[in-house]
Amino acid sequence: MAAKKKIEEFTATGRRKTSVAQVRLRPGTGKWVVNKRTLEDFFPSEALRRYIEQPLKLTNTKDKFDIIAKLGGGGVSGQAGALRHSLARALSVADTSLREVLKNSGCLTRDSRMKERKKPGQPGARKRFQFSKR
């Protein structure tokens with residue numbers, strides 16, 4: 001029986017709003033698989049794709065890794081932010097010398113802004129019912 005060759009793989013998790021992204025980086029040619037679809041198919045917006053690929057451009061690793069991502073929760077922009085965060089974290093695990101570049105550009109910082117909860121007795125998080133003096 002032939003011994004299986006161990007493929008070096010780097011994993012990381014990123015979050016944004018209510019979205020979670022799990023990324024696996026494998027040495028390869030720059031192929032993307034996002035929820036079993038291509039990046040262009042999953043994110044039709046060019047602006048979001050550029051935002052997601054920012055950590056790869058900063059570190060010049062665009063064609064060095066194949067990226068397999070699993071996304072869940074939230075909306076399109078939240079998932080894009082989560083994917084960017086997890087990609088940056090995986091790159092810093094793969095090569096620790098890239099960490100400083102990613103940190104200075106803000107890619108490793110988790111964007112902690114969340115939707116504010118609705119308060120009881122009010123129509124929304126901040127909105128109040130109309131005040132009546134009499």
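All of the numbers you see were taken from the coordinates with simple rules; none came from a lab. This is a predicted model, so every value here is computed, not measured. FYI the Cβ positions are ideal-geometry reconstructions off the backbone, even for glycines, and counts take in every protein chain you see.
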Multiply the residue separation of Asp66 and Thr18 by 0.36 nm, subtract the distance between their alpha-carbon atoms, and state the gained length in nm to one decimal.
14.7 nm
With the 8 Å Cα cutoff and a minimum separation of six or more residues, region 10-104 has a relative contact order in percent of 43 percent
Per 5 angstrom bin, beginning at 0 and ending with the bin that holds the maximum distance, the Cα pairs of region 10-104 fall in percents of 3, 15, 27, 30, 17, 7, 1
In nm, spacing of pseudo-spin labels at Ala125 and Asp95 (7 Å Cα→C-beta vector):
3.8 nm
Please give the contour-minus-distance gain from Arg110 to Arg50: 0.36 nm per residue of separation, less the Cα-Cα distance, rounded to one decimal in nm.
19.8 nm
Label-point gap, in nm, between Lys133 and Arg26 - each point 7 angstrom along Cα→Cβ:
7.2 nm
With only helices counted (DSSP H, runs n ≥ 4, each -39500 (n - 2.57)), the per-residue ellipticity at 222 nm for the chain, to the nearest 500, works out to -8500 deg cm²/dmol
Can you give the charge dipole size of the chain about its Cα centre, rounded to the nearest 20 debye, using +1 on the beta carbon of Lys and Arg and -1 on the beta carbon of Asp and Glu?
1100 debye
Taking a crude spin-label model, label points 7 Å out from Cα along the C-beta direction, the Lys6 to Glu40 distance in nm is 3.7 nm
